[in-house]
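Right, one structure below, let's go through it.
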Amino acid sequence: MAKGIRAPLHTPLCDLLGCDVPVLLAGMGGVSRWELAAAVANAGGYGILGMVRKAPELIAKEVTALKTATEPRLLDAQISCCFDLGVTAFSFFWDVMSEIVARVKQAGCLVLHQVGTLQAARLAEEAGADVIIAQGIEAGGHVHGRTPAFALAREILDRTELPVVVSGGIATGAGLAAALESKASGVQCGTAFLATEESFAHQYHKWRVVSTTGEDTVLTDVFVLNWPAGAAVRVISNSVTDGLEGRFIGHDPENLQREVIAWDGNHPRLRFSTDSPLRTTSGDLEPMALYAGRGVGDILDIPSAAVRLTEMVTNAAHLLESSYRTNCEAVS
């Protein structure tokens with residue numbers, strides 16, 4: 001990273017997590033594998049593996065690969081596996097399970113908890129979380145709340161002393177600068193890193209990201225197989241969402257057909273499932289869940305994760321410096 005970029009962007013969150021800049025990789029299921037997490041970490045950000053619903057064997061493989069590729073820094077069976085592998089930080093999302101947080105904290109690990117509401121933030125803090133990630137409705141993938149990211153972050157910041165990270169629709173240095181100026185400790189990015197060389201997303205998914213805009217995303221619960229009813233996701237519009245004719249919310253998983261449309265090795269991928277197309281996926285990719293946040297219109301290429309991160313923090317540093325100079329001139 002260019003000399004002089006780290007200092008103005010270094011926040012207490014960086015000291016807590018052991019990274020150089022306050023940019024977190026979202027733990028995107030399937031997409032955030034060791035290559036992407038390592039690329040973000042080695043570029044100065046904070047890498048998080050997306051291991052939701054993954055077998056302990058795959059967790060072991062991914063954590064080992066990540067530890068090999070980076071400097072040493074990162075439900076029952078999964079957590080035990082991570083403890084055995086020396087994982088020192090866990091990022092949780094959706095329900096706040098106080099007993100799980102307590103178990104991780106008792107092992108001396110850090111807990112980052114992504115929330116979509118102020119109430120969930122309070123529960124996470126009471127459970128012992130070290131960092132609150134405020135996820136707004138603009139976010140891609142599974143979206144827990146319905147409040148814009150910066151509005152939710154402000155609500156949480158007014159009621160906690162914990163570091164607060166803003167997540168949802170942030171893909172550029174402008175978003176990072178705005179978050180730091182709002183007194184947040186950093187940002188979490190998903191879509192911005194999905195469209196990078198190291199991401200495990202399928203090239204088709206990456207191509208759709210760089211060729212669409214935020215207005216082409218929809219929030220829907222039709223991609224719900226494998227998740228509880230009502231779990232909404234933000235995706236790029238496709239033939240499935242177009243066929244809903246505007247009725248994006250209110251789909252019962254029990255009433256959705258189980259039709260195989262693609263494969264990952266021997267594992268079938270169903271229409272209406274939460275699975276997004278990965279490097280290993282073959283079949284009909286167009287009707288799958290193509291996750292993307294409202295900031296997708298700012299993503300125009302597919303560089304390395306290091307280039308994406310460096311451009312973001314460089315631009316943010318320049319914006320913050322310009323804002324500081326303007327404020328000084330106004331005071332004088």
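The values are calculated or read from the model by the stated rules, or taken from the named source; none is laboratory data. The model shown is predicted, which means the values in this text are computed figures rather than measured ones. With ideal geometry, Cβ positions are generated from the backbone for all residues, glycine too; neighbour counts draw on all protein chains shown.
When restricted to residues that are part of a helix (DSSP H, G or I) and either under 30 Å from T274 (Cα atoms) or touching a His at 6+ places or on another chain (Cβ under 8 Å) (or both), the stretch 156-186 contains 5. Inspect the stretch 140-147 for any residue being assigned to a helix (DSSP H, G or I) and either crowded, with 21+ Cβ neighbours inside 10 Å or of a type in the set (S, T, N, Q) (or both) and give the result as yes or no. So far as the stretch 140-147 goes, no, none of its residues is assigned to a helix (DSSP H, G or I) and either crowded, with 21+ Cβ neighbours inside 10 Å or of a type in the set (S, T, N, Q) (or both). Residue under question is G116, and the condition is that it be more than 17 Å from the chain's Cα centre (by Cα), in the same structural domain as E155 (by TED's automatic domain parsing) and either modelled with pLDDT under 95 or of a type outside the set (V, I, T) (or both); does it hold? In short, no. Here D95 meets the list (1) under 19 Å from the mean Cα position of the chain (by Cα); (2) assigned to a helix (DSSP H, G or I) almost entirely, failing just condition (2).
Among the residues in the stretch 229-244, are any at positive phi and out of contact with any Asp or Glu (no Cβ under 6 Å at 6 or more places or on another chain)?
no
When the residues of the stretch 51-78 are filtered to those that are among the small types (G, A, S) and either at pLDDT below 85 or not in a loop (DSSP other than H, G, I, E, B) (or both), the one that is nearest to V40 (Cα to Cα) is A69. Across the stretch 79-92, the qualifying residues are those that are part of a helix (DSSP H, G or I) and surrounded by fewer than 18 Cβ atoms within 10 Å (Cβ to Cβ), and the one among them that is modelled with the lowest pLDDT is S80. Inspect all residues belonging to the stretch 40-50 and state whether any of them is in contact with a helix residue (DSSP H, G or I) (Cβ under 7 Å, 6 or more places away or on another chain), in a strand (DSSP E or B) and not β-branched (V, I, T). Yes: one or more hits.
Among the residues of the stretch 121-131, some residue qualifies, meaning at least one is of a type outside the set (D, E), more than 20 Å from A317 (Cα to Cα), modelled with pLDDT of 95 or more and in a loop (DSSP other than H, G, I, E, B). The listed residues are A177, A121, A129, and the only one of them that is buried (at least 24 other Cβ atoms within 10 Å of the Cβ), more than 16 Å from the chain's Cα centre (by Cα) and within 25 Å of A229 (Cβ to Cβ) turns out to be A121. Before we move on, is T196 outside any helix (DSSP H, G or I) and in contact with a Leu (Cβ under 8 Å, 6 or more places away or on another chain)? So T196 fits the description; yes.
Of all residues in the stretch 54-69, those that are among the polar types (S, T, N, Q) have Cβ atoms under 8 Å from Cβ atoms of residues that are surrounded by 15 or more Cβ atoms within 10 Å (Cβ to Cβ) and not in a helix (DSSP H, G or I), 6 or more apart or on another chain, in T64/L85.
Take residues that are among the charged types (D, E, K, R), over 22 Å from G214 (Cα atoms) and modelled with pLDDT under 95 and tell me which of the strands (runs of 3 or more DSSP E) falling wholly in the stretch 224-292 contain 3 or more. Step through it out loud before you land on a result.
Details: elements: 233-236, 260-264, 267-270, 281-283.
Because the criterion is at least 3 residues that are among the charged types (D, E, K, R), over 22 Å from G214 (Cα atoms) and modelled with pLDDT under 95, no strands (runs of 3 or more DSSP E) in the stretch 224-292 meet it.
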